[in-house]
Amino acid sequence: MIRLMADIEITETALRAKQANYSRDSLLILSRNSFDSIYRYYGTTPQLFRENMLAYQSNLDDYQKMLEEKLQILIKIKDSISMMSDSTNRVADVE
């Protein structure tokens with residue numbers, strides 16, 4: 001569930017970044033396809049995800065721990081992207 005939450009947040013961020021480059025209709029189609037793909041990958045549905053979120057949110061201590069774990073996943077991904085970017089820049093500097 002935590003990884004699903006992280007993937008949803010990443011997708012939402014990517015879609016926000018693409019807003020200026022796509023028409024509203026194209027962005028809606030891209031959004032629907034992206035989220036459908038995520039839910040299919042995790043074997044769930046938007047409705048089941050919402051129901052589970054409500055259940056998890058009923059215990060705030062556990063939900064807070066989930067959010068912290070999601071944040072750690074996002075930080076690792078961000079750091080990994082930064083390292084790849086730094087590596088690419090070093091290779092370009094050498095050439």
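Each reported figure results from applying straightforward, stated rules to the coordinates on display, with no laboratory input. All values reported here derive from a predicted model rather than from experimental measurement. FYI the Cβ positions are ideal-geometry reconstructions off the backbone, even for glycines, and counts take in every protein chain you see.
Can you classify the chain as rounded, prolate or oblate using the Cα gyration tensor, where a ≥ b ≥ c are the square roots of its eigenvalues, rounded means a/c under 1.5, and otherwise it's prolate if a/b beats b/c and oblate if not?
Values: a/c = 2.79, a/b = 1.37, b/c = 2.03.
It comes out oblate by the Cα gyration axes.
Fewest first, what order do S31, S37 take by the number of other Cβ atoms within 10 Å? Before the final figure, lay out the partial values.
On the way: S31 16, S37 12.
With the sparsest Cβ surroundings first, the list reads S37, S31.
When only C-alpha pairs under 8 Å and at least 6 residues apart count, what is the relative contact order of the chain, in percent? Don't skip to the end; give the middle numbers.
Details: 28 pairs, mean separation 38.5, N = 95.
In percent, rounded to a whole number, it is 41.
On a 0 to 90° scale, report how tilted helix 24-41 is relative to the longest principal axis of the chain, with both axes built from alpha carbons and the result rounded to the nearest 10.
So the helix axis and the longest Cα principal axis differ by about 70 degrees.
Compute the helix-to-body angle for 2-18: its Cα long axis versus the longest principal axis of the chain, expressed 0 to 90° and rounded to tens.
Tilt relative to the chain: about 60 degrees.
Excluding residues fewer than 8 places away in the same chain, name every one of the lysines whose C-alpha is closer than 27 Å to that of K18.
K70, K76, K78
On C-alpha positions alone, give me the angle between the axis of helix 60-94 and the longest principal axis of the chain, in degrees, nearest 10.
Value to nearest ten degrees: 10.
What does the charge dipole of the chain about its Cα centre add up to, to the nearest 20 debye, if the Cβ of each Lys and Arg holds +1 and the Cβ of each Asp and Glu holds -1?
Details: 12 positive and 14 negative charges, 58 e Å.
That gives a dipole near 280 debye.
Report the calculated FRET efficiency for E9 and Y41 (r = Cβ-Cβ distance, R0 = 22 Å), to the nearest 0.05.
Values: r = 15 Å, r/R0 = 0.68.
Efficiency computed from Cβ-Cβ geometry: 0.90.
Rounded to the nearest 500 deg cm²/dmol, what is the calculated helix-only ellipticity per residue at 222 nm for the chain, with -39500 (n - 2.57) per DSSP H run of length n ≥ 4?
Details: 4 runs with 82 residues, N = 95.
About -30000 deg cm²/dmol.
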